[in-house]
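To keep things clear, I will list the structure first and then write my remarks on it.
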Amino acid sequence: GAVANSAVEDGENGTMKSGEIVIRRGEMTDIPWLAPIERAATGRFRGHPAFAPFWRQNFPPELFAEHVRDRTPWVVTIDDGPPVGMAFTSEIDGIAHLEEIDVHPDVAGKGIGGELLEAVCAIARVSGYEAITLATLTDVPWNAPFYAKRGFRILGDHELTPGLVQLQRREAAGGFP
């Protein structure tokens, strides 16, 4: 479904503002903040069997630098501070795809994750995409409702594109259900 967003993108610098929250394209100077955000946000899933193989994994700065070079990350800052959240996007089979979205738990419950998700959806829409997909765990009590509230739904097997099927297989091979 459609996702509304009150934020407006400034075409010159790719910045989106909504109150004290600023959502903008990630930059190389943001890289030192991204791995700690991801590590802290992933901690919310601690205890879920899908994440057991990843607890000791360190996320190399090169991975984030590659995303920045490809202009796929969006970061959230509050009052011009350092990033407190991030989202990575891509395209699968001509459809926008949300690879990852994380908000640091220190700012959880303030609507930042919802703002970021709505901004990513708005950017995809303005960029000409009719839909945006993501892959996530459905057995985490708060996870699926978060996305459903914003217009996402679980796709049936018959709706999966070849790229999404390949993504599922790749994730399963890596130990992620």
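The values are calculated or read from the model by the stated rules, or taken from the named source; none is laboratory data. All of these numbers come straight from a predicted model, not from anything done at the bench. Note that each Cβ is placed from the backbone with ideal geometry, even for glycine, and that neighbours are counted across all protein chains shown.
Does any residue in segment 138-154 that is closer than 15 Å to F45 by Cα come within less than 9 Å, Cβ to Cβ, of a residue that is at pLDDT 90 or above six or more places away or on a different chain, and which pairs are these? Correct list of pairs: T138/I154; A144/F152; A144/I154; F146/G113; F146/G114; F146/L117; F146/F152. Checked against (1) surrounded by 14 or more Cβ atoms within 10 Å (Cβ to Cβ); (2) of a type in the set (S, T, N, Q); (3) assigned to a loop (DSSP other than H, G, I, E, B), T133 passes all but a single condition, namely (3).
The numbered conditions (1) in a loop (DSSP other than H, G, I, E, B); (2) at pLDDT below 85; (3) closer than 27 Å to V84 by Cβ; (4) small (G, A, S) are all true for A144 except (1).
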